1. Is there any pair linking a residue in segment 116-130 that is among the charged types (D, E, K, R) to one that is in a strand (DSSP E or B), with Cβ under 8 Å and at least six apart or on different chains, and which?
2. Exactly one condition in (1) open to solvent by 10 Å² or more (accessible area, probe 1.4 Å); (2) under 13 Å from Phe264 (Cβ atoms); (3) at pLDDT 95 or above; (4) part of a loop (DSSP other than H, G, I, E, B) is not met by Gln202; state its number.
3. Give segment 221-270 a look and list any residue that's assigned to a strand (DSSP E or B) and touching a residue at least 60 places away in the same chain (Cβ under 8 Å), or say none.
4. Considering only segment 212-271, how many residues are over 15 Å from the mean Cα position of the chain (by Cα) and within 25 Å of His292 (Cβ to Cβ)?
5. Among the candidates Ala171, Ala144, Ala178, which residue alone is in contact with a Phe, Trp or Tyr (Cβ under 8 Å, 6 or more places away or on another chain) and open to solvent by less than 20 Å² (accessible area, probe 1.4 Å)?
6. Name the residues in segment 213-249 that are of a type in the set (D, E, K, R) and either modelled with pLDDT of 95 or more or surrounded by fewer than 18 Cβ atoms within 10 Å (Cβ to Cβ) (or both), would you?
7. Mind checking which residues of segment 250-282 are surrounded by fewer than 18 Cβ atoms within 10 Å (Cβ to Cβ) and within 30 Å of Ala144 (Cβ to Cβ)?
Amino acid sequence: MSSLCRYAGYRARMETYTSPTSPTPPTPPRRSIRLTRRGRTALIATGAVVAATAVAVPLLSTDDKKEPQALVIPEGWRSGQVYEAMDKALALPAGSSRKSLEKARLKLPNDASGNPEGYLFPATYPIDKKSTPLSLLSYMVDTANKKFGGGTVTAGAERNAMNVYQTVTVASIVQAEAATKADMGKVARVIYNRLDRGMPLQMDSTINYALNRSTLRTSRNDTQLESPYNTYARMGLPPTPIANPGEEAMRAAVTPTQGDWLYFVTVKRGDTRFTADYDEHKKNVAEFDHAHKTASASSG
């Protein structure tokens, strides 16, 4: 477990876990339920489809003879998706952008250990014939540092007993878990409340990251995965961000909504329920199971 995790060294047994600071009952072993997980993760190719949601940044270089193409990095993409999009946009063999990391001298926090996950800032990056993987990666990281390096972020991180890199990690989970922007602040609060109580985060998104997948349902077997990203079996935050968060997710991680919530589940689209009561959460989960069984039966 990374040293950045606030409760490193501890393992949680989900079936018998009891919060050391309160009589909060255990989160149930989940057959295929999910404590959290937004309904879907965008896995889209670069292009104008998502241009409206991306933040524009200045040109990397100029080409008066030719209109530059745009490389669009949506919020919530993992680094692997970014590398693939860069290869396509630059017409390079698959794997070229990832390999360029070996020569890149990116301005990353020491805690990142050279891994740019979380710092490939989501934006629209115009490119031209002078653009390279190194120039694009450097520009993405420099943009992230500008967005994440202000006094508001630093002060908010300290207020939440975090450093900036840990706050980016929280924001990446928020980005992956929240069903809507309106839910982001509440999801961040659940994360902090669980950490403060010494509870495992139990986030499906971190397991999905370890398995390089995106799914709504996490099985009991999944929760036994031997990985530092298994926040069911390991305490604290995962060792790195699990995606590249946007400004809204980062804002939620810095200034989470006030509340005592410990659980949430998206029962159906537009209906995410947050609660501090374990029994109420079980009822919400039962509705989630029923809704998805009904949907599966009707689609079959």
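The values are calculated or read from the model by the stated rules, or taken from the named source; none is laboratory data. Quick caveat: nothing in here was measured; it's all calculated off a predicted structure. Methodologically, a virtual Cβ is constructed for each residue, glycine included, from the backbone with ideal geometry; neighbour enumeration extends over all protein chains shown. Just the protein is used for accessible areas: all its heavy atoms, side chains included, with ligands, DNA and RNA removed. Shrake-Rupley method; radii C 1.70, N 1.55, O 1.52, S 1.80 Å.
1. That search, which allows pairs on different chains as well, returns Asp128/Gln69.
2. Against the list (1) open to solvent by 10 Å² or more (accessible area, probe 1.4 Å); (2) under 13 Å from Phe264 (Cβ atoms); (3) at pLDDT 95 or above; (4) part of a loop (DSSP other than H, G, I, E, B), Gln202 comes up short only on (1).
3. Selection gives Arg234, Tyr263, Phe264, Val265, Thr266.
4. Matching residues across segment 212-271 total 22.
5. Ala144
6. Arg213, Arg217, Arg220, Glu226, Arg234, Glu247, Glu248
7. Those that are surrounded by fewer than 18 Cβ atoms within 10 Å (Cβ to Cβ) and within 30 Å of Ala144 (Cβ to Cβ): Thr255, Thr257, Gln258, Gly259.
Quick grid of which residues meet (1) closer than 28 Å to Thr143 by Cβ; (2) of a type in the set (Asp, Glu); (3) touching a strand residue (DSSP E or B) at 6+ places or on another chain (Cβ under 9 Å):
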| site | (1), (2), (3) |
| --- | --- |
| Ala210 | yes, no, no |
| Ser219 | no, no, no |
| Met235 | no, no, yes |
| Ala243 | yes, no, no |
| Thr266 | no, no, yes |
